[in-house]
Amino acid sequence: MANMHAVTLEEQFIGDGPSPINIGTTIRDFRLQRGMSQGDIEKRTGLLRCYLSRVENGHTVPSLDTLQKIAASLDMPLSQFFSNDPVKESYGISLNEDEIRFLTQVQRYAANLNESDRKLLLAMVRKFAATATTSIS
């Protein structure tokens with residue numbers, strides 16, 4: 001009995017699992033990687049710049065709805081905030097504001113589609129792109 005050691009709450013609930021993420025730092029890293037300011041995020045989400053600063057500095061933890069708004073403003077899936085992969089550069093992708101807005105809308109609607117509908121949507125987009133390419137030539 002004397003050799004038993006007390007297990008701390010941290011050891012009991014966290015153990016050797018993954019270290020917790022700092023969502024504010026993650027958001028800042030993605031924002032800076034895209035060359036965006038807090039003001040840019042404010043314009044796209046309607047969230048106040050001072051609120052975004054509090055989130056990035058770890059003073060406030062945003063709700064999932066707020067995280068979804070921030071993710072959409074960064075043109076990325078919400079799940080990327082929680083990925084084990086570090087922030088990655090996106091190579092060769094340059095989109096204008098209209099393309100970003102369009103893809104953000106598609107992303108919002110696609111989240112509610114089942115796999116079969118997603119495949120159908122992708123096939124339709126490919127068909128439209130092929131048609132547009134041949135009509136331009």
Checklist entry - In which sequence would Glu115, Glu99, Glu56 go, from the one with the fewest C-beta neighbours within 10 Å to the one with the most? => result Glu115, Glu99, Glu56
Next on the checklist: I need the phi-derived Karplus couplings for region 110-117: 6.51 cos²θ - 1.76 cosθ + 1.60, θ = phi - 60°, integer Hz, Gly and Pro marked x.
Outcome noted: 5, 4, 9, 8, 7, 4, 4, 5
Checklist outcome for this item: Note, region 26-33: 3J(HN,Hα) by Karplus (6.51, -1.76, 1.60, θ = phi - 60°), whole Hz, Gly/Pro = x, goes 4, 4, 4, 4, 5, 4, 5, 4
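Values quoted throughout were computed directly from the atomic coordinates according to the rules given, and no laboratory measurement underlies them. Small disclaimer: the values here were computed from a predicted structure and weren't measured. Ideal geometry is used to build each Cβ from the backbone, glycine not excepted, and the neighbour counts take in all protein chains shown.
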